[in-house]
Amino acid sequence: MQSIALTMGARHIDRIIPNADDLLRQYRNDTGFYYLDYQPITPADKVVPEDLAVTLLVNSQAGWRAFRSLEEYGKTIELAHLPKKPLEHTSPEERKQIAALIAKMAQLPGFAASIATKVLHKKRPISFLFWITKPSLVHI
């Protein structure tokens, strides 16, 4: 059987991924797949300490401080007014609202942008098509 090579880069800076079909099959056993496949049983418009659990599948460094923060401040995190549409279809004002919520959560004890975006992604996967995995500057 012949392997499939995937070429990305739009002919500018091409990157070839050999054996792409093998990587895709392996992904089904990766914790990232389990994270994306998991459907939360927590309320969709509230953030609760239990929402931290699924983030552990994608190398979240969530600890007891983050848990305590959601116990104490979870009620102040408003999700009901967040857009329920793909990020690319949001207005500049809606993107500012999303960015402000990420910033608010990232300032909680035990949190950072990486944990905040992972928790929010599970609440609104269609609006939060990303999560931050390492320190970086994100422009929304």
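The values are calculated or read from the model by the stated rules, or taken from the named source; none is laboratory data. Note that the structure is predicted; figures quoted are calculated from it, not measured. Please note: Cβ atoms are built from the backbone with ideal geometry, for glycine as well, and neighbour counts cover all protein chains shown.
Scanning the range 52-63 finds one or more residues that are in a loop (DSSP other than H, G, I, E, B) and over 16 Å from the mean Cα position of the chain (by Cα). There is no residue in the range 83-98 that is at pLDDT below 85, more than 19 Å from H121 (Cα to Cα) and not in a helix (DSSP H, G or I). Screening D45, D51 for residues that are out of contact with any His (no Cβ under 7 Å at 6 or more places or on another chain) and surrounded by fewer than 14 Cβ atoms within 10 Å (Cβ to Cβ) leaves exactly one candidate, D45.
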